[in-house]
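The values are calculated or read from the model by the stated rules, or taken from the named source; none is laboratory data. Keep in mind it's a predicted model, so treat the numbers as computed, not measured. Backbone-built Cβ (ideal geometry, glycine too); neighbour counts: all protein chains shown.
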């Protein structure tokens, strides 16, 4: 007697967000926990538990109010206001940082952002600190090291580090680390040596 083999695929167990939320809280609270957090999740068209918009109305309203304050400040031309609001939201901001107008910084996890001394961020830059895929949630720290320059309208993916004295060209889409002293150019960004300063520029350094 021959038994008919079944070709049905096993039904995956539903993903419970509880474990992921605990891991995410630990990740957000400990800079030593690594730079990227990943967790399997359902399609973002349905509640995943990772967004405050999935919670109760008081929690949602508090998140939207904080996000509105942060994004409104970032659109303004007032550099000190932007830095003060970012610090209040938990971001680590160094000295002599300049953030141009109309910058967008992910309001969901601003505490995952570190900007060291003398960093310059151009107009219209977008910095993501989390992402939803079809079946995965990602959050990542973005670290801009000392004297990094981010050109206007560049897009930085969550979980990347831009090294000391590195330059990101205007409009570049940066999805991986940029080493110190390098230039990221293009979409997707490719790495190049930084051009040597001209003689007249050396005299002012």
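At a glance:
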quantity	calculated
Residues located in the range 52-63, provided they are more than 18 Å from the chain's Cα centre (by Cα) and not in a loop (DSSP other than H, G, I, E, B)	53, 54, 57, 58, 59, 60, 61, 62
Failed item, numbered, when residue 184 is tested on (1) assigned to a loop (DSSP other than H, G, I, E, B); (2) at pLDDT 95 or above	(1)
Flag for residue 27 being within 26 Å of residue 102 (Cβ to Cβ) and modelled with pLDDT of 85 or more	no
Filter result (at pLDDT 60 or above and either outside any loop (DSSP other than H, G, I, E, B) or touching a helix residue (DSSP H, G or I) at 6+ places or on another chain (Cβ under 6 Å) (or both)) within the range 187-205	190, 191, 192, 193, 199
Residue among 126, 146, 138 that is within 23 Å of residue 85 (Cβ to Cβ), in contact with a strand residue (DSSP E or B) (Cβ under 8 Å, 6 or more places away or on another chain) and touching a residue at least 24 places away in the same chain (Cβ under 8 Å)	126
Pick from the range 105-123, criterion part of a loop (DSSP other than H, G, I, E, B) and in contact with a strand residue (DSSP E or B) (Cβ under 8 Å, 6 or more places away or on another chain), ranking: farthest from residue 35 (Cα to Cα)	122
Within the range 53-68, considering residues that are over 17 Å from residue 90 (Cα atoms) and surrounded by 13 or more Cβ atoms within 10 Å (Cβ to Cβ), the one modelled with the highest pLDDT	60
Top-ranked residue of the range 39-50 - restricted to ones that are surrounded by 15 or more Cβ atoms within 10 Å (Cβ to Cβ) and touching a strand residue (DSSP E or B) at 6+ places or on another chain (Cβ under 8 Å), ranked as modelled with the highest pLDDT	39
Meets criteria (modelled with pLDDT of 90 or more, out of contact with any helix residue (DSSP H, G or I) (no Cβ under 7 Å at 6 or more places or on another chain) and part of a loop (DSSP other than H, G, I, E, B)) for residue 77	yes
